[in-house]
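Here the structure is laid out as structure tokens; the discussion comes afterwards.
The values are calculated or read from the model by the stated rules, or taken from the named source; none is laboratory data. In this text, all values refer to a predicted model and were calculated from it rather than measured experimentally. Cβ coordinates were reconstructed from backbone atoms using ideal geometry, including for glycine residues, and neighbour counts include every protein chain displayed. The protein model used for the area step is the full one, side chains on, heavy atoms only, and it has no ligands, DNA or RNA in it. Shrake-Rupley method; radii C 1.70, N 1.55, O 1.52, S 1.80 Å.
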Amino acid sequence: MSGLHIPIGTPDGSRTPHAENLLAPNPSAMTLDGTNTWVIGAGDEVVVVDPGPEDESHLRRVRDHLGERRVTQILLTHGHFDHSGGAKRFAAMVNAPVRALDPRHRLGDEGLDDGDVVTVAGLEIHVYGTPGHSFDSLCFWLPQDRAMLTGDTVLGRGTTIIARDGGLADYLRSLDRLRAAAEGLRAQALLPGHGPVLPDPIGALDGYIAHRRERLDQIRAAREQGARTPREIVKIVYADVDRSLWPAAEMSVLAQLDYLDRL
Ligand SMILES: [Zn+2]
């Protein structure tokens, strides 16, 4: 895509023609480099997606970066704290409403759901309901840039987890839906909630889908070997994964056991 810009070493400053990433300073094993705050717009109006955690320095940096441009709306990809924690404070700073699928995270009258189209300065943002990582996960398609903001449904590196408020059956359906959309819409980039921009959407989604199937097969095999508890399964299936991620892996295993037991 002309205008796709992926800086080396940090997702900060990643760009498509109408979207730009300002990275929040909250790196961790779970959040990779930190949370990506996406500014979408043209001319003097913008929409801000995921203000990030409640971090005053980050929120001020985003506001200062916008200069004279007006924030018409704040959108959330989902309600997890690393994306939504700063929303209320940022909303007060720029005097804009917050729209999210989960009413608990809204500020103002309008919600946000599958099929909605948000417009800003002549640009369209199409909302896709993609539950799984969390029950309230949304993705945002930017037709003018052929780019999909994926929140935590697809990350720029590694794989995502199924949180306690998500579900694997939903997640697999959402990945299939995104795969079909990426193909049908000829997507040219995925703009994730953490990590770098992915310039090969179909390749990335195929990788995610294959990885999930593979993990499910590994869990079935671990059970056949006698592993019973999530911890026992993690020790076998996630042996190659850094131990700091094992608690998250256990959560993922729980989601997978739940899925397998319902088949
Ligand atoms: Zn996140």
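In the range 191-212, the residue that is nearest to the chain's Cα centre (by Cα) out of those that are within 15 Å of the ligand (Cβ to nearest atom) and in a strand (DSSP E or B) is P192.
With A248, A182, A239, A221 as the choices, which residue is part of a loop (DSSP other than H, G, I, E, B) and on the phi < 0 side of the Ramachandran plot? Talk me through it step by step, then tell me what you get.
Details: A248 fails: part of a loop (DSSP other than H, G, I, E, B); A182 fails: part of a loop (DSSP other than H, G, I, E, B); A221 fails: part of a loop (DSSP other than H, G, I, E, B).
It is A239.
Consider the range 8-40 and keep the residues that are open to solvent by less than 10 Å² (accessible area, probe 1.4 Å), in a loop (DSSP other than H, G, I, E, B) and of a type outside the set (A, V, I, L, M). The one that is farthest from the ligand (Cβ to nearest atom) is S14.
Quick check on G132: is it surrounded by fewer than 16 Cβ atoms within 10 Å (Cβ to Cβ), not hydrophobic (A, V, I, L, M, F, W, C) and not in a strand (DSSP E or B)?
Values: surrounded by fewer than 16 Cβ atoms within 10 Å (Cβ to Cβ): no; not hydrophobic (A, V, I, L, M, F, W, C): yes; not in a strand (DSSP E or B): yes.
Against the criterion (surrounded by fewer than 16 Cβ atoms within 10 Å (Cβ to Cβ), not hydrophobic (A, V, I, L, M, F, W, C) and not in a strand (DSSP E or B)), G132 does not qualify.
If we keep just the residues of the range 95-122 that are open to solvent by less than 10 Å² (accessible area, probe 1.4 Å) and in a strand (DSSP E or B), which is nearest to V62 (Cα to Cα)? For the range 95-122, the residue satisfying everything is V98.
Within the range 176-184, does at least one residue satisfy the condition of being within 25 Å of the chain's Cα centre (by Cα), surrounded by 15 or more Cβ atoms within 10 Å (Cβ to Cβ) and within 16 Å of the ligand (Cβ to nearest atom)? No, the range 176-184 contains no residue that is within 25 Å of the chain's Cα centre (by Cα), surrounded by 15 or more Cβ atoms within 10 Å (Cβ to Cβ) and within 16 Å of the ligand (Cβ to nearest atom). Applying the criterion of being of a type in the set (V, I, T) and surrounded by fewer than 19 Cβ atoms within 10 Å (Cβ to Cβ) to the residues of the range 219-239, the residue that is nearest to Q256 (Cα to Cα) is T229.
So that you can scan it fast, the table gives a plain yes or no per residue for (1) over 20 Å from E54 (Cα atoms); (2) of a type in the set (D, E, K, R); (3) touching a Leu at 6+ places or on another chain (Cβ under 7 Å):
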site: V71; (1), (2), (3): no, no, no
site: L76; (1), (2), (3): no, no, no
site: H83; (1), (2), (3): no, no, yes
site: G108; (1), (2), (3): no, no, no
site: T119; (1), (2), (3): yes, no, no
site: V127; (1), (2), (3): yes, no, yes
site: A147; (1), (2), (3): yes, no, yes
site: A180; (1), (2), (3): yes, no, no
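Within the range 192-201, being open to solvent by 50 Å² or more (accessible area, probe 1.4 Å) and either in contact with a Lys or Arg (Cβ under 7 Å, 6 or more places away or on another chain) or without any contact (Cβ under 8 Å) to a residue 60 or more places away in the chain (or both) holds for one residue alone: D200. Taking the numbered list (1) closer than 18 Å to G195 by Cβ; (2) open to solvent by less than 20 Å² (accessible area, probe 1.4 Å) in turn, R157 passes all entries but (2). Scanning the range 136-163 for residues that are away from the ligand (no atom under 14 Å from the Cβ), touching a residue at least 60 places away in the same chain (Cβ under 8 Å) and in a loop (DSSP other than H, G, I, E, B) yields Q144, D145, R146.
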